[in-house]
Amino acid sequence: MGGGLIVAIFDWIRINKAEKVTRRLDLLNNQIRNLYGPLYFFTSQNARCFELNDSILKAYRKEYVEEKFSKDPYTQENLKKETTLTLDIANAYVSLVTQNNERIIDILRDNYSFIDPEDEDIFQQLVVDYNRLKVEREESGKLKTPLEIYYHVGEISFMRPDFIERVKTKFNSKKSEIENLNR
């Protein structure tokens, strides 16, 4: 009788542990599938768009700002076309970030329950920045808020680097945890 009881206790412990692992795997898989995975996709795209924007603006400064050009009207007209086109392309990458942020906001709204508690503040900052951009910026991109007020309220970001890094870190750590639990 005593041996059967010990076996039953060990079976109960093993089953209980397996159920905990299963619940944890379910949560992690749902977080990856519904929240951290899609966020990682869009934040990675945003990071690349920021890099392209930055590269174009650096090239713009090197080719057009740091160089001296003739005052000839034909030269100036061509320069204006080229610089406008270059800046439009750079701004198009920021526009892609804005479109991605629309999707990110939808993901956050629809899957808020999957956010780890320690991520709530950084995710809420993204939402605040997103809302501020919608309210305080004209369609052309020009800031509506007077600069004096803007500086008091604080900077608006299309996406802060710490948000991108947090999403990447969480996505990778959750994937690693899933792999370890499946071993």
Requested in this report: Could you give the DSSP H helices of the chain that reach 24 angstrom or more along their long axis (alpha carbon positions) and whose average Kyte-Doolittle hydropathy is no lower than -1.0?
Outcome: 2-31, 37-60, 73-110
**Report entry** Mean residue ellipticity (222 nm) of the chain, computed from DSSP H runs ≥ 4 via -39,500 (n - 2.57), nearest 500
**Finding:** -26000 deg cm²/dmol
Query raised in the report: What longest region of the chain stays clear of GluC sites (Glu not before Pro) that DSSP places outside H, G, I, E and B and that have at most 15 other Cβ atoms within 10 Å?
Result: 68-137
Query raised in the report: R137's amide H: which non-local residues (gap 5+, or another chain) put their own amide H closer than 5 Å, with H modeled 1.01 Å from N in plane and none for Pro or chain starts?
Result: K144
Query raised in the report: Pairs K58/K81; K20/K175; K62/K144; K58/K168: which are spaced more than 20 Å apart, C-alpha to C-alpha?
Result: K62/K144; K58/K168
Query raised in the report: Using alpha-carbon positions, what is the distance between the centroids of segment 100-144 and segment 22-55, in Å?
Result: 15
**Report entry** Calculated Kirkwood radius over Cα pairs in Å (choose from [x] 20.4; [y] 19.6; [z] 18.0), label
**Finding:** [x]
Report summary line: Looking only at aspartates and glutamates whose Cα falls under 13 Å of K134's and that sit 8 or more positions away or on another chain, we get E102
Report summary line: With +1 on the Cβ of every Lys and Arg and -1 on the Cβ of every Asp and Glu, the dipole magnitude of the chain about its Cα centre, in debye rounded to the nearest 20, is 520
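No lab work stands behind these numbers, since they all come straight from the coordinates. Just so you know, these numbers come straight off a predicted model, no measurement behind them. Using ideal geometry, Cβ is built from the backbone for each residue, glycine included, and neighbour counts are taken over all protein chains shown.
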